[in-house]
Amino acid sequence: MASGVTVAEQVLLVFNEMKVRKAQANEEDKKKRKKAVLFCLSEDKQNIILEEGKEILLGDLGTTIQDPYTHFVKMLPPDDCRYALYDATYETKETKKEDLVFIFWAPDSAPLKSKMIYASSKDAIKKKFTGIKHEWQVNGLEDIKDRRTLADKLGGTSVLTLEGSPV
């Protein structure tokens, strides 16, 4: 069932920025690149929008943020739903990789009405995010707090490191 919710233009801009990695990007541009971002429903529940202040920039890594994955998990609201994009950097036995992961956060503690509208609106945002290889629905902190769980989504036991740390 579709909810009739639309995806704000700003959400698409952020997605395209995260998807396209500029090889010639200078240091200043690299610092502004988003590592993770949260999306929520607008006040009137009609649009999926960028959640203000809920992002991690590459420039924050190592300065104010030591572990981007742990910081990302802490950004998720404990009692409401969200959509998220996480730019995972990981290493397998063969190669280093970067992949965008689309996450649908629907904690058990979220109100039923919120879970229903987020679930019925998920297709609207997913259709706009073309080329996403990894999708993950998470229903609580137990499912997401361990980085091994994300590593399993990205490639199972072949993943050796996530964000530069062993899994």
- Item | Residue check, residue 79 touching a residue at least 24 places away in the same chain (Cβ under 8 Å), farther than 16 Å from residue 16 by Cα and exposed (fewer than 13 other Cβ atoms within 10 Å of the Cβ) | yes
- Note on the structure: Counted residues in segment 82-121 being buried (at least 16 other Cβ atoms within 10 Å of the Cβ) and of a type in the set (Lys, Arg) come to 2
- Options 53, 62: the member that is exposed (fewer than 15 other Cβ atoms within 10 Å of the Cβ), farther than 23 Å from residue 77 by Cβ and either among the small types (Gly, Ala, Ser) or at pLDDT 95 or above (or both): 62
- Going through segment 99-112 one residue at a time, which ones are more than 9 Å from the chain's Cα centre (by Cα) and either within 10 Å of residue 162 (Cα to Cα) or not charged (D, E, K, R) (or both)? 105, 106, 107, 109, 110, 111, 112
- Mind listing just one residue for me: the one in segment 122-146 that is without any contact (Cβ under 8 Å) to a residue 12 or more places away in the chain and outside any helix (DSSP H, G or I) and, of those, surrounded by the fewest Cβ atoms within 10 Å (Cβ to Cβ)? 130
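The values are calculated or read from the model by the stated rules, or taken from the named source; none is laboratory data. Everything quoted here is computed from the prediction, not taken from an experiment. Heads up, the Cβs are rebuilt from the backbone with ideal geometry, glycines too, and the neighbour counts pull from every protein chain shown.
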